[in-house]
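Read through the structure below, which is laid out as structure tokens, and then see the notes.
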Amino acid sequence: MKDVSYDAIMSRKAEIIKAAVGMDYSRFESGSIAFDYEGMMKATGFDINEVRRIQESFSIGHTPLIELKNITALARKMAPKGKGARIFIKDEAANPSGSFKARRAATSIYTAREMGYKGALAATSGNYGAAVASICAMAGLKCIIVQECYDSRYVGQPEIIEKARKCEAFGAEVVQLTVGPELFYEALRLLEETGYFNASLYTPYGIIGVETLGYEIVEQFRDRFGKDPDAVVCTNAGGGNLTGTARGLRKAGCSAKVIAASVNLSGLHMASDTQFNRKSFTTGHTGFGMPFSTWPDRSDVPRSAARPLRYMDRYVTVAQGEVFYMTEMLASLEGLERGPAGDTSLAAAFSVAQEMDEDQCIVVQETEYTGAGKHVNPQLAFARKNGIDIRFGDPKDETPGTNIILPAHPSLIKARDVDIDHMRRSLIKNAIASVHHAPTKQDMEFLAQEVQRDVPYVEKVMAELKK
């Protein structure tokens with residue numbers, strides 16, 4: 001019998017992950033900060049056409065591109081004369097599991113089946129669990145979803161409980177945990193015990209699956225309008241959504257501006273038991289978006305394939321109240337009821353569109369299914385039970401964990417810019433701290449790619465950090 005104590009499992013982490021992912025990450029390492037990122041992505045053996053074939057075999061992809069004409073008209077009423085870009089959404093709720101993460105799961109589960117794994121495991125409280133469970137059902141594989149679900153009082157958020165229900169509906173075994181360090185431990189323990197495939201959100205298999213989303217957006221725009229979109233807004237949490245979409249845009253030869261959007265939950269700690277239920281969103285927020293952007297390799301694989309700072313041109317945040325308001329707006333003006341993940345980007349797009357010219361186009365690249373727990377009403381009712389003050393006013397005055405301020409007028413919906421240069425500096429600082437020697441020339445070139453800048457920029461930041 002192996003020792004399954006916390007310390008013992010964590011000491012075997014590298015060998016457990018290697019056996020469960022089917023990829024030897026050491027092949028891409030330099031022994032320092034740098035690693036062969038593109039080599040790791042190519043190691044899947046899939047090009048974009050093969051990924052599309054795999055996804056089509058699971059009835060995934062080719063989702064509708066919908067112009068939000070009524071919401072665009074409202075945005076133009078708020079905008080200066082001549083401003084107000086056309087707003088579109090890519091309706092990823094049309095995928096079998098109800099979100100874009102079906103694309104992410106398809107390549108992982110296909111790989112697991114081809115490699116002979118009997119089942120797959122994912123550690124997630126979000127839509128990805130439902131996607132993995134759905135495709136495992138199609139592929140004839142067993143599935144375990146490990147979900148961080150409750151606080152220490154065993155109280156769970158309606159949105160997370162809804163996602164657990166969805167996973168179970170597809171036949172997955174859902175292991176529900178309280179918030180804390182046991183999530184990663186339990187996932188590792190179960191991977192070792194079962195011998196299942198680690199369908200991590202952050203493997204190359206997962207990220208390359210999202211590339212088709214960006215690629216399809218470009219194809220659909222060119223077919224319908226004879227041009228590319230001007231901007232694409234991606235809800236940003238762990239970074240895979242933005243990374244995969246942006247890579248797909250680039251592979252299609254599109255230079256659209258890539259805008260990251262997150263819900264502002266500053267001041268709340270995502271691993272805090274007392275603060276866990278004082279947030280009203282479980283993903284797409286700054287509690288994941290900021291740390292995973294500035295140090296991607298905090299994930300459950302040795303090297304994350306989600307590296308958003310390589311691709312984002314702008315990062316904005318919106319308030320919780322603005323997302324709830326946009327969810328209602330989408331339903332009442334466009335007849336589309338969708339969940340909060342995509343509506344985070346929609347709130348940002350509604351604001352950003354007002355800065356753009358009328359002949360330009362901005363795309364929200366995902367929607368997600370809605371359900372009993374994801375609906376506005378149960379989420380706001382849960383917030384009230386946890387002492388959150390809910391009122392109408394100006395969302396700029398919202399304090400996460402204290403209140404939710406719904407816009408008193410749509411003109412108050414404002415995307416707020418994040419200082420990306422500060423984030424770039426944080427990534428470089430984190431990278432330097434990860435080694436015990438001076439960065440090599442290869443490290444410097446790698447960091448320049450990581451932050452979309454040149455080597456002199458990295459050298460300048462390093463010099464300033466030494467002061």
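The values are calculated or read from the model by the stated rules, or taken from the named source; none is laboratory data. All of these numbers come straight from a predicted model, not from anything done at the bench. Methodologically, a virtual Cβ is constructed for each residue, glycine included, from the backbone with ideal geometry; neighbour enumeration extends over all protein chains shown. Accessible surface areas use protein heavy atoms only, side chains included; no ligands, DNA or RNA. Shrake-Rupley method; radii C 1.70, N 1.55, O 1.52, S 1.80 Å.
Observations on the model:
- Per the listing GLY371, GLY342, GLY387, GLY393, the residue uniquely of a type in the set (Gly, Ala, Ser), more than 25 Å from MET423 (Cβ to Cβ) and within 21 Å of the chain's Cα centre (by Cα) is GLY371.
- Elements of type helices (runs of 4 or more DSSP H) contained in the stretch 396-467, each with 2 or more residues being within 17 Å of GLU29 (Cα to Cα): 420-433, 441-450
- Being closer than 30 Å to MET329 by Cβ, modelled with pLDDT of 95 or more and buried (at least 20 other Cβ atoms within 10 Å of the Cβ) is a property that holds for GLY84.
- Test: residue in the stretch 139-162 that is open to solvent by 40 Å² or more (accessible area, probe 1.4 Å) and under 23 Å from ARG53 (Cβ atoms): yes
- Some residue of the stretch 129-142 being farther than 23 Å from GLY61 by Cα and at pLDDT below 95: no
- Candidates in the stretch 266-295 are the residues that are assigned to a helix (DSSP H, G or I) and touching a residue at least 60 places away in the same chain (Cβ under 8 Å); of these, the one that is most open to solvent (accessible area, probe 1.4 Å) is ARG278.
- Scan the stretch 364-393 for residues that are small (Gly, Ala, Ser), open to solvent by less than 10 Å² (accessible area, probe 1.4 Å) and touching a helix residue (DSSP H, G or I) at 6+ places or on another chain (Cβ under 7 Å) and the total you get is 1.
- Complete set of residues in the stretch 309-338 that are of a type in the set (Asp, Glu) and either open to solvent by 10 Å² or more (accessible area, probe 1.4 Å) or in contact with an Asp or Glu (Cβ under 7 Å, 6 or more places away or on another chain) (or both): ASP313, GLU328, GLU334, GLU337
- Taking each residue of the stretch 12-33 that is charged (D, E, K, R) and looking for partners that are surrounded by 14 or more Cβ atoms within 10 Å (Cβ to Cβ) and assigned to a strand (DSSP E or B) with beta-carbon atoms closer than 8 Å, six or more apart or interchain, yields GLU29/PHE35.
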